[in-house]
1. Between M49 and Q172, with labels modelled 7 Å along Cα→Cβ, what's the label distance in nm to one decimal, could you check?
2. Compare the peptides 117-123, 156-162 by average per-residue count of other Cβ atoms within 10 angstrom and give them in order, highest first.
3. Expected output is a single nm value to one decimal: the length gained when fully extending between E28 and A118, i.e. 0.36 nm times separation in residues minus the C-alpha distance. What is it?
4. Give me I23, I151 ranked fewest to most by other Cβ atoms within 10 Å of their Cβ, as a rough exposure proxy.
5. Report the net charge of residues surrounding E24, where surrounding means a beta-carbon distance below 11 angstrom and charges are Lys +1, Arg +1, Asp -1, Glu -1.
6. Return the tail of the calculated pair distribution for the stretch 14-70, meaning the percent of Cα-Cα pairs more than 12 Å apart.
7. Can you give the charge dipole size of the stretch 10-68 about its Cα centre, rounded to the nearest 20 debye, using +1 on the beta carbon of Lys and Arg and -1 on the beta carbon of Asp and Glu?
8. Just to confirm a number: summing +1 for Lys and Arg and -1 for Asp and Glu over residues other than A79 whose beta-carbon lies under 14 angstrom from that of A79, what do you get?
Amino acid sequence: MVPNQWGRPLHGIVNRGLQLFLIEEYGEEFWRELAVSLDQESGFEAMLMYDDEVTRRLMTSVARRLNCTRAEIWEGFGAFLTRSEYTASFWALLRFGGRDFSSFLASLEEVPGQVQLALPDFYLPPLKLLEPSPGQFELHFGAGLWGLGSIATGLLRAVAQECQISAQVELQNNGAQTHAGVQTEVVRITLQRTARPKSARRLGEAALHA
């Protein structure tokens with residue numbers, strides 16, 4: 001098996017999640033035609049490891065069929081993670097129990113360790129949350145998972161919307177490199193105050209019991 005650009009094969013749970021997202025969003029027929037074109041008729045197994053190139057071919061083909069960018073697909077996938085019945089346990093793993101959106105953001109730093117405990121073969125790079133000024137946050141990702149910045153962008157937009165928080169969420173640098181040559185991504189979140197936002201805890205419980 002050929003490892004990806006970070007020296008690790010891609011965990012099948014990502015490809016399986018993409019499959020479920022595409023079926024839910026665009027239908028079974030869309031997926032069947034796509035799978036045949038990629039010689040992937042049997043679909044993806046969540047606990048297998050796949051060459052990074054398999055996912056790249058999948059994303060490129062979807063982007064071509066939908067006439068959109070791969071980043072837009074990743075963002076849609078991120079939003080899917082917040083609403084699908086298939087991902088209720090994902091929210092439990094995230095400990096989606098912050099008292100508000102800001103505390104939910106702070107809890108994201110713990111996610112890589114939680115994922116490592118649940119899925120030892122799945123590598124999620126370190127996350128670091130900075131608050132340069134009140135109401136402005138930067139979520140920094142280390143290298144390790146292709147598309148993670150775009151996934152987080154879509155996920156956080158969806159969470160903010162569900163929490164009834166007015167927030168601008170943008171991926172600032174898609175795969176930029178530091179002076180040391182390390183690939184990083186930064187998602188910037190700017191909050192605006194709204195009255196009586198919903199609790200992230202209640203949203204997590206609703207997703208878990210849907």
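Read the figures in this text as sums done on the coordinates, not as results from a lab. Since this is a predicted model, take the numbers as computed values, not measurements. Ideal geometry is used to build each Cβ from the backbone, glycine not excepted, and the neighbour counts take in all protein chains shown.
1. Simple spin-label model gives 3.3 nm for this pair.
2. 156-162, 117-123
3. In short, 29.4 nm is gained.
4. On the way: I23 16, I151 26.
Going from sparsest to densest Cβ surroundings: I23, I151.
5. Once positives and negatives cancel, what remains is -2.
6. 66
7. Here the stretch 10-68 has a charge dipole of around 200 debye.
8. Here the charged neighbours net out to -3.
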